[in-house]
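Worksheet: one structure, shown below.
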There are 2 protein chains.
Amino acid sequence: MSFITMKPGTLLSPVPAVLIGSGAEGESGPVRNLMTAAWAGTVCSDPPTVSVSVRPSRYTYELIEKSGEFTVILPDTAMLRGTDYCGVRSGREEDKFSRCGFTPVPADGLKYAPAVAEAPLYLSCLVRQRLPLGSHVMYLGEIVRMGIREDLMDKNGSIDLQKAGLFAYSHGVYNALGEALGFFGCSVAAPDVLERRMSGLRSGK
Amino acid sequence: MSFITMKPGTLLSPVPAVLIGSGAEGESGPVRNLMTAAWAGTVCSDPPTVSVSVRPSRYTYELIEKSGEFTVILPDTAMLRGTDYCGVRSGREEDKFSRCGFTPVPADGLKYAPAVAEAPLYLSCLVRQRLPLGSHVMYLGEIVRMGIREDLMDKNGSIDLQKAGLFAYSHGVYNALGEALGFFGCSVAAPDVLERRMSGLRSGK
């Protein structure tokens, strides 16, 4: 099979589809918003840092510029419709929380940017750098705290994200996360370790 | 359900698990390498730009520093074992291409960094910025060309990534991309559009 070569596009895939929570002091009290971002990624392990890219026309851009903080909220499949909605409508015109049935709750370690009660997990981020790149401004956010829904902690105190019902975004389509095919290091694992861990993944343990 | 809050970690999920191709002029001719990266993301639409974060101890770091270019190669599930292997072994010690059965081929628009013949898609990237962030150096690569396996082009000249058999990485586990749950804009689509597009996604058209 051969490659067709063509002009560039943003085809890295799959990418996350996450909700970005933002907030700031408004003219008559605190305001807040949710925006969907697929242009998001982990960029450093230590300090743990994520990147989120936002168009300057967005309300979320205005709020992050004011407060210097944001949340990265991982939605599950039950939140898919609302997550899509938060990517196509503006928080300047309506309250997307109530429209989507998403309950804003305080995010640990932040002053303004909210978490969402219905989501499996959120990351509280403080902006460390901002880089204008063209259509988008990229924010590098250090993860200062995080919140995990208690049912996702297993009995050893580890986080089991396989139970979270997350989904991915692939060139315009939202896909459920399917079968667990392997784990980091599976290609060099001893046969008994491979057997035990794959069996655990298949049975959801 | 309530949140357990804890110290930060790199829990953004799912993220891509991609192969980074690199190359440079060595002491006795051109050299090249493959490395797996989950710390990768799209960061700008125009110009189309990706970020890839690499530890300075990596051979790939040395090659990108020399040549200023890299490829982002999207593997499919048939490449999973090799993709894992390229994340745990060093190209300083062995040729990961032959070890994994990955055939290096020239990447359109680049001089040294290779694509992989077996992969569904690759992005040719030129380094525009490098940012040392701590454990990792983040490279911002402008996508200058891309190559798509010809069977992924549909009859209208569009790219159908749903056929590519991609997988995602979620907190240490590789997951197949599962059921198509929706498309960008599905929450505000007219009923007939929603019906038609979801039916197309389900039947793989």
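Rule-based calculations on the coordinates, nothing more; no lab input. Every value quoted in this text rests on a predicted model; they were computed, and no experiment measured them. Cβ sites come from the backbone with ideal geometry, for glycine too, and all protein chains shown count toward neighbours.
Descriptive notes on the structure:
- Euclidean distance of C-alpha centroids, region B:30-46 and region A:25-72, integer Å: 24
- Sorted largest first, the principal axis extents computed over the alpha-carbon atoms of chain B equal 62, 49, 33 Å.
- Dipole check for chain A: with +1 at the C-beta of Lys and Arg, -1 at the C-beta of Asp and Glu, and the Cα centre as origin, the magnitude is about 320 Debye.
- Candidates A:Thr77, A:Thr103, A:Thr36, ranked by Gaussian network fluctuation over chain A, Cα under 10 Å, top entry: A:Thr103
- For A:Glu142, A:Glu27, A:Glu69, order by how many other beta-carbon atoms lie within 10 Å, fewest first: A:Glu27, A:Glu142, A:Glu69
- With a Förster radius of 56 Å applied to the beta-carbon distance between A:Val88 and B:Glu65, the computed FRET efficiency rounds to 0.85.
- Among the trypsin sites (Lys or Arg not before Pro) in region B:92-147, those placed in a DSSP loop whose Cβ has at most 12 other Cβ atoms within 10 Å are B:Arg92.
- Furthest towards positive pole of dipole, B:Ser135, B:Thr60, B:Ser90, structure part region B:15-180, Cβ charges: B:Ser135
- Most mobile of A:Ile73, A:Ile148, A:Ile20 in a GNM of chain A (Cα contacts under 10 Å): A:Ile148
- For region A:83-116 versus region B:131-205, the gap between their alpha-carbon centres in whole angstrom: 25
- Phi angles across region A:126-142 convert, under the Karplus curve 6.51 cos²θ - 1.76 cosθ + 1.60 with θ = phi - 60°, into 3J(HN,Hα) values of 10, 5, 9, 8, 10, 10, x, 10, x, 4, 10, 9, 8, 9, 9, x, 6 Hz, Gly and Pro given as x.
- FRET efficiency, A:Glu25 to B:Glu150 (Cβ-Cβ, R0 56 Å, nearest 0.05): 0.55
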